[in-house]
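Student: For reference, the structure I am asking about is given below.
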Ligand code: DGL
């Protein structure tokens, strides 16, 4: 991987954003809005995508290895694991192995239950995230008095990757993936859906259009950005903005539509 965070004569904090693909861009856009002075490198482990359908042990090993290489290469001051699957699975191990501070992304079950009026919510994530004990513990701890349906999607993250790469996906395919979130029993309908995969906020407009009834879609990215800002404390005065860089572990050159999408997030071609 090329060295993407320029440390020469620059005191601005270096932030590494990590995801299995382009999903973490939904977190990156909030973090850069909160800390536009920081130097960013976004590492997409697309060589390992999709994380959500893989066996946990091999995936933990992979994430720890890729992160170790990224830390050695980019020497970040802070790392955002902008991936629910990686965070729920490997955050504890990463914190054990590396001293750099990590901010994780975990399903926003607590705020969703707090704001739900019908007290019926859905958690839409990868198969891995919804089946992990970490997620079930969040439900036990924060969802009392609220009915939670866990919906594991095998293909939504890939659908989001396709859409961003200029390969549109049919409405019916997306509608089928979100349908199990919508429960209407005992006179109570789902009114809140937790987007527990960072790829999914890339599809929120489609979700809104295809939902059988309106619900609130909870994206944890603004809360993650606030956490990053808290950890970095004071913003240095008048720091120059360094353009963000993106690295794909596959080494691929993004196709033109993806390049255009990345440019909209602030990455230069
Ligand atoms: N974006 C990731 C997440 O938040 C996972 C997508 C995947 O690699 O399956 O869970």
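Student: So for the stretch 158-166 (the condition being under 29 Å from residue 186 (Cβ atoms) and crowded, with 17+ Cβ neighbours inside 10 Å), does at least one residue qualify?
Tutor: No, the stretch 158-166 has no match at all.
Student: So if I check each of 93, 30, 61, 69, which one is part of a helix (DSSP H, G or I), more than 13 Å from the ligand (Cβ to nearest atom), in contact (Cβ under 8 Å) with a residue 60 or more places away in the chain and exposed (fewer than 15 other Cβ atoms within 10 Å of the Cβ)?
Tutor: The match here is 69.
Student: For residue 114, are the conditions met, namely being free of Cβ contacts under 8 Å to residues at least 60 places away in the same chain and in a helix (DSSP H, G or I)?
Tutor: For residue 114, the condition - free of Cβ contacts under 8 Å to residues at least 60 places away in the same chain and in a helix (DSSP H, G or I) - is met.
Student: From the residues in the stretch 4-27 that are part of a loop (DSSP other than H, G, I, E, B) and modelled with pLDDT of 95 or more, which one is surrounded by the fewest Cβ atoms within 10 Å (Cβ to Cβ)?
Tutor: Of everything passing the filter in the stretch 4-27, 21 is surrounded by the fewest Cβ atoms within 10 Å (Cβ to Cβ).
Student: Do you know which of the residues in the stretch 33-54 that are modelled with pLDDT of 95 or more and more than 11 Å from the ligand (Cβ to nearest atom) is farthest from residue 158 (Cα to Cα)?
Tutor: 40
The values are calculated or read from the model by the stated rules, or taken from the named source; none is laboratory data. It should be emphasised that the depicted structure is a prediction, and the values quoted were computed from it without experimental measurement. Please note: Cβ atoms are built from the backbone with ideal geometry, for glycine as well, and neighbour counts cover all protein chains shown.
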